[in-house]
1. Would you mind getting the accessible area per residue of the chain, heavy atoms of the protein chains only, 1.4 Å probe, in Å²?
2. List the Cys residues of the chain that have no partner Cys with a C-beta closer than 4.7 Å.
3. Evaluate the distance, in nm, between pseudo-label points positioned 7 Å from the Cα of Q16 and of E298 along their respective Cα→Cβ axes.
4. Search the structure for amide H atoms under 5 Å from the amide H of R294, placed 1.01 Å from N in the peptide plane, and list their residues when 5 or more places away or on another chain.
5. With a 1.4 Å probe and every protein chain kept in, tell me what percent of the accessible surface of the chain is carbon plus sulfur.
6. Given the peptides 56-68, 307-319, arrange them by the average over their residues of other C-beta atoms within 10 Å, most packed first.
7. In deg cm²/dmol and to the nearest 500, what is the mean residue ellipticity at 222 nm of the chain if only DSSP H runs of at least 4 residues count, each as -39500 (n - 2.57), divided by the residue total?
8. Using a 1.4 Å probe, how large is the accessible area of W145, given in Å² and rounded to the nearest 10?
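The values are calculated or read from the model by the stated rules, or taken from the named source; none is laboratory data. Since this is a predicted model, take the numbers as computed values, not measurements. Ideal geometry is used to build each Cβ from the backbone, glycine not excepted, and the neighbour counts take in all protein chains shown. Remember, those area values only see protein heavy atoms, side chains included, never the ligands or the DNA or RNA. Shrake-Rupley method; radii C 1.70, N 1.55, O 1.52, S 1.80 Å.
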Amino acid sequence: GMTVLSKAKTSIELAQEFKLGPPQVQKTLERALGILVEKRASRVPPKRDDKVILGWNATAISALAKGAVALRDDRYRRAAEAAIARLREEKLVSPARFSRRLAGGTSDHPAALADCALYLKAVLDTYEASFDPALVEHARDVAQWIERDFADTPRAPESGETESEETAGPGETADGGAYYSTPAGIELIVPRRKPHFGSALPSANGTHARNLLRLHALTGDARFQARADGILRESLAATGQAPSAAPELLIAALMRQRGIPEIVIAGDLRNPVMQGFLEPSLRGGIPYRVLAHRPIGEAGVRAEEMIPILKDRAPIAGRPTAWFCENGVCQAPTQDFKILRATIEAWLAPPATAPPNTAPTNAEAVQGED
């Protein structure tokens with residue numbers, strides 16, 4: 001309490017103590033603050049680090065998007081969208097390459113997998129705050145650029161070989177393994193490595209596995225799931241006896257094993273019933289899920305073209321409608337938000353009985369059902 005000035009009493013308390021009117025107290029405080037600001041301006045200010053880091057901005061964007069949903073505050077959604085637009089304008093994210101930082105008006109230094117995976121996560125998180133289908137289309141592009149720059153693509157079979165698991169490297173499958181931390185084509189002193197564990201930032205491969213599983217749910221493109229499986233097989237094996245050091249990876253494994261709830265809502269978001277659908281979907285406690293919205297009219301037709309999960313999901317009889325699906329298999333549509341809430345609660349409920357000693361091994365955890 002000796003270094004940072006704070007307002008210890010309210011204006012009303014100060015007015016009573018000094019026998020002044022509240023407006024006079026407020027004017028006195030404002031005048032005092034003006035004097036302090038003037039004195040501070042006479043000092044040499046600390047240097048300002050104004051570089052923009054792709055991965056750090058991505059984590060902030062995700063926080064803003066989630067804050068917009070949790071707090072119902074549209075300011076945060078607009079801030080997240082504006083930050084994504086700025087990163088694209090400054091060419092930190094472009095079809096040609098990813099750049100790690102912007103400094104002095106120049107974007108340079110190749111980005112790492114962590115930067116790119118966190119950015120893709122931020123785009124998907126912002127979609128669920130804004131329901132702008134163009135963000136999903138952009139996310140698909142970003143996933144392709146990450147594949148181009150960071151994927152561990154299995155070598156092609158040599159003459160006389162057949163396409164099989166034997167043509168892949170250690171820990172890989174025909175769909176590839178985990179992704180490298182650095183992009184292809186840059187000079188390195190040491191060989192390229194694959195980041196499996198988390199640190200101050202979550203595991204880059206774990207983050208990207210979750211991204212790929214979300215994209216598979218939204219698009220139905222089996223290649224996204226296959227690449228996520230490749231990450232999980234290699235990264236879970238690499239974490240060995242310390243899987244808790246890669247919690248993001250474990251969440252991805254759980255998503256693959258348990259299945260991802262896919263919730264589609266169709267209708268005008270201004271309708272109170274739609275808000276009833278959104279409440280349990282966005283804030284219902286599901287640790288991971290995919291949520292997509294199909295608007296009405298021509299906007300809905302355009303959204304269908306960008307997000308395949310919305311196909312044939314128009315509002316029934318013009319009324320707000322919701323679907324709850326898992327692995328592409330949907331329950332009957334409902335127009336009652338109470339039914340959707342009950343379905344989500346049932347999904348969240350633990351099994352009545354759990355057989356002992358059935359916890360999957362690392363290898364079993366990612367097999368799932370095709």
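1. On the way: 20740 Å² over 370 residues.
Per residue, the chain has an accessible area of 56 Å².
2. C116
3. 6.3 nm
4. The list, which skips near neighbours in sequence, is I265, A266, G267.
5. 55 percent
6. Values: 56-68: 20.5, 307-319: 15.8.
Order by mean packing, descending: 56-68, 307-319.
7. One gets -15500 deg cm²/dmol as the mean residue ellipticity at 222 nm.
8. Ignoring ligands and nucleic acids, W145 comes out at about 40 Å².
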